[in-house]
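The values are calculated or read from the model by the stated rules, or taken from the named source; none is laboratory data. Every value quoted in this text rests on a predicted model; they were computed, and no experiment measured them. FYI the Cβ positions are ideal-geometry reconstructions off the backbone, even for glycines, and counts take in every protein chain you see.
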């Protein structure tokens with residue numbers, strides 16, 4: 001199969017018929033074999049019935065329905081596992097991503113040799129204060145920490161080689177950092193394309209202000225997992241050893257002062273309690289690193305989701 005279009009959705013019953021028809025029209029003009037995988041992330045409207053209705057006449061449309069809402073990362077992860085196309089393209093279901101971008105994104109993968117191409121919504125139709133400004137700050141921080149020169153990490157419109165999506169695991173809220181996950185898995189040829197951002201036609205946004213806080217927290221997590229995920233002792237052990245060493249040296253200094261220089265009131269000095277605290281913290285950090293080594297990346301059910309129904313898969 002040439003192309004897989006993976007679309008996570010939540011309460012998008014109004015946009016689905018128009019979106020799938022638009023995608024079919026674009027891809028038919030390219031003469032590609034394709035599939036459209038719609039992942040219903042526990043919608044409480046008629047989205048799944050719409051998917052089943054569309055599939056009756058268009059078997060290339062396939063569906064996955066979560067039993068409850070897990071989030072975009074979970075939906076993408078299941079879509080990636082199901083995708084069979086040589087090129088996998090993700091997009092949002094709200095019609096703010098244009099399917100007209102699909103041919104060029106695919107060409108950049110197949111002909112230009114990119115492993116991943118990320119869309120850049122250079123001109124946005126979002127609120128400048130509540131979305132655009134925080135997004136710019138977030139992307140600047142992500143560029144700085146990941147060393148990946150992308151302007152819009154969170155753009156839902158992306159294209160991948162199939163082996164890229166099969167080699168990464170998207171969980172929690174890591175959908176913002178798929179390029180970082182791809183880089184850490186060894187796929188370093190990452191490109192960018194300016195794409196059209198359309199004003200929302202149906203419904204309302206499903207993301208609140210908390211996504212920016214979660215975004216920065218996830219950035220710290222993915223940086224740690226990428227650098228120390230398989231060797232947590234190198235992080236916790238280092239700082240634990242330094243903390244314990246500082247505390248031990250201070251405690252040794254106080255002890256020598258007490259017994260050789262007859263300094264009284266050792267336990268009344270703030271330095272004494274700082275030394276004890278440093279040694280306790282050092283011990284705890286060291287134990288955290290040791291336990292982290294034992295359980296590192298061994299959670300068997302980390303990406304286990306309850307799927308209520310499937311269609312065509």
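Data for the structure
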| read-out | value |
| --- | --- |
| Meets criteria (modelled with pLDDT of 95 or more, in the same structural domain as residue 167 (by TED's automatic domain parsing), over 23 Å from residue 114 (Cα atoms) and not in a strand (DSSP E or B)) for residue 64 | no |
| Which listed residue, of 188, 176, is touching a helix residue (DSSP H, G or I) at 6+ places or on another chain (Cβ under 9 Å), at pLDDT 80 or above and part of a loop (DSSP other than H, G, I, E, B) | 188 |
| Single unsatisfied condition, residue 113 versus (1) touching a strand residue (DSSP E or B) at 6+ places or on another chain (Cβ under 7 Å); (2) surrounded by fewer than 15 Cβ atoms within 10 Å (Cβ to Cβ); (3) at pLDDT below 95; (4) under 27 Å from residue 25 (Cα atoms) | (1) |
| Selection status of residue 54, in contact with a helix residue (DSSP H, G or I) (Cβ under 7 Å, 6 or more places away or on another chain) and closer than 19 Å to residue 86 by Cα | no |
| Checking residue 38 against (1) outside any helix (DSSP H, G or I); (2) over 24 Å from the mean Cα position of the chain (by Cα); (3) modelled with pLDDT of 95 or more, the condition it does not meet | (2) |
| Among the residues listed as 290, 259, 212, 207, the single one being under 27 Å from residue 156 (Cβ atoms), modelled with pLDDT under 80 and in a helix (DSSP H, G or I) | 212 |
| Scan of the stretch 41-67 for residues that are touching a strand residue (DSSP E or B) at 6+ places or on another chain (Cβ under 9 Å), farther than 20 Å from residue 22 by Cα and surrounded by fewer than 22 Cβ atoms within 10 Å (Cβ to Cβ), ordered by number | 42, 43, 65, 67 |
